[in-house]
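Chemist: One structure coming up, written as structure tokens, with questions to follow.
The values are calculated or read from the model by the stated rules, or taken from the named source; none is laboratory data. Here the structure is a predicted model, which is why all the values come from computation and not from measurement. Neighbour counts are summed over all protein chains in view; Cβ atoms, including those assigned to glycine, are modelled from backbone coordinates with ideal geometry.
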Amino acid sequence: MVMEKTDNQKEMVRSTTRLLWVVVAVMAVVSVLRPFVGSNLSRQEKALLAPDDSVMRVLVVSSQEDSLVLRTPSRDLSRGTLKSADFRRLSQKLLATVRDSSQSGVGIAAPQVGINRRVVAVQRFDKDGEPFEVYPNVRIDEYSGEVVRGREGCLSIPPYRGIVPRNSSITVSYTDVSTMKRVSEKVDGFTAVIFQHECDHLDGILYTDRADSVFVDPSY
């Protein structure tokens, strides 16, 4: 009886070991595939995208809760997210919000609508038709050209404007959703200023942090 019990115990140990190896293998596969399969947006982020209304609420610094989101650095979107309906919905809503007549903006970043992900929509004044375009996982890789001071405002900081120093040329990189490859592009002039302003949002930086002066705009 003692010998039989020992054999059973050994078999239980072997079974438990095999099960643990299976669990470890499954977790490893899931870890590898996670960036490529499905959306990794949080439940809260998906909830913000769920309403049928195209225009999203723009967060403002006068709200402490909103300000915490605006000051939080954003994370990249996974490949799976970029291929998902969530990203398509986010892109559409960003464009609808920045184009809305009540906003009159030339750019918007995802944190401004409550989603801390590295996505911006920018009006390309350097292209024919001056279209709005969406740039996921965008970063500024190089600042160049002379530093020029210009007037800036922000949808999240009404009713203020500021005089802000910005580089006249930059090199940006982002993920091309059609190929899932990184694309690098040099941008000049006012469009370069817009990219700098919006990319700052992705790092939790507001134009007022860089401004030489800030003042109330009576046209708001």
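Chemist: Any idea how many residues of the range 176-220 are in a strand (DSSP E or B) and out of contact with any Asp or Glu (no Cβ under 9 Å at 6 or more places or on another chain)?
Modeler: 7
Chemist: Test each condition in (1) without any contact (Cβ under 8 Å) to a residue 12 or more places away in the chain; (2) surrounded by 16 or more Cβ atoms within 10 Å (Cβ to Cβ) for D53 and report the one that comes out false.
Modeler: Condition not satisfied by D53: (2).
Chemist: Right, something else. Of the residues that make up the range 93-112, is at least one over 13 Å from the mean Cα position of the chain (by Cα), part of a strand (DSSP E or B) and aliphatic (A, V, I, L, M)?
Modeler: So far as the range 93-112 goes, no, none of its residues is over 13 Å from the mean Cα position of the chain (by Cα), part of a strand (DSSP E or B) and aliphatic (A, V, I, L, M).
Chemist: Here is a further query. Looking at the range 111-143, which of its residues are more than 23 Å from K83 (Cα to Cα) and among the hydroxyl-bearing types (S, T, Y)?
Modeler: If the condition is that a residue be more than 23 Å from K83 (Cα to Cα) and among the hydroxyl-bearing types (S, T, Y), then Y143 is the only one that fits.
Chemist: For the structure I just gave you, tell me whether V119 is farther than 16 Å from L77 by Cβ and surrounded by 24 or more Cβ atoms within 10 Å (Cβ to Cβ). Give the steps one after another, and end with the answer.
Modeler: Working: farther than 16 Å from L77 by Cβ: no; surrounded by 24 or more Cβ atoms within 10 Å (Cβ to Cβ): yes.
The answer is no for V119.
Chemist: Still on this structure: Taking the options Q103, Q92, name whichever one is of a type outside the set (D, E, K, R), closer than 26 Å to E130 by Cα, touching a residue at least 40 places away in the same chain (Cβ under 8 Å) and in the same structural domain as R182 (by TED's automatic domain parsing). Working first, answer last.
Modeler: Working: Q92 fails: touching a residue at least 40 places away in the same chain (Cβ under 8 Å).
Answer to the check: Q103.
Chemist: Collect the residues in the range 178-207 that are surrounded by fewer than 18 Cβ atoms within 10 Å (Cβ to Cβ) and within 20 Å of the chain's Cα centre (by Cα), keeping them in residue-number order.
Modeler: Going through the range 178-207, the residues surrounded by fewer than 18 Cβ atoms within 10 Å (Cβ to Cβ) turn out to be 178-186, 188-190, 203-205.
Hits for the range 178-207 are S178, T179, M180, K181, R182, V183, S184, E185, D203, G204, I205.
Chemist: Can you name every residue in the range 78-92 that is outside any helix (DSSP H, G or I) and under 16 Å from L48 (Cα atoms)? Show your work before the answer.
Modeler: So in the range 78-92, the residues outside any helix (DSSP H, G or I) come out as 78, 83-84.
S84 - this is the single residue of the range 78-92 that is outside any helix (DSSP H, G or I) and under 16 Å from L48 (Cα atoms).
Chemist: A follow-up question, please. I need a count of the residues in the range 48-92 that are at pLDDT 95 or above, more than 25 Å from D176 (Cα to Cα), more than 13 Å from the chain's Cα centre (by Cα) and not charged (D, E, K, R).
Modeler: 9
Chemist: Next question. Among the residues of the range 124-173, count how many are in a loop (DSSP other than H, G, I, E, B) and surrounded by 12 or more Cβ atoms within 10 Å (Cβ to Cβ). Quick ask: steps written out before the conclusion?
Modeler: Here is the first cut: in the range 124-173, the residues in a loop (DSSP other than H, G, I, E, B) are 124-131, 137-138, 154-159.
Checking the rest, the ones that are also surrounded by 12 or more Cβ atoms within 10 Å (Cβ to Cβ) come to 124-126, 137-138, 154-158.
The number of residues fulfilling the criteria is 10.
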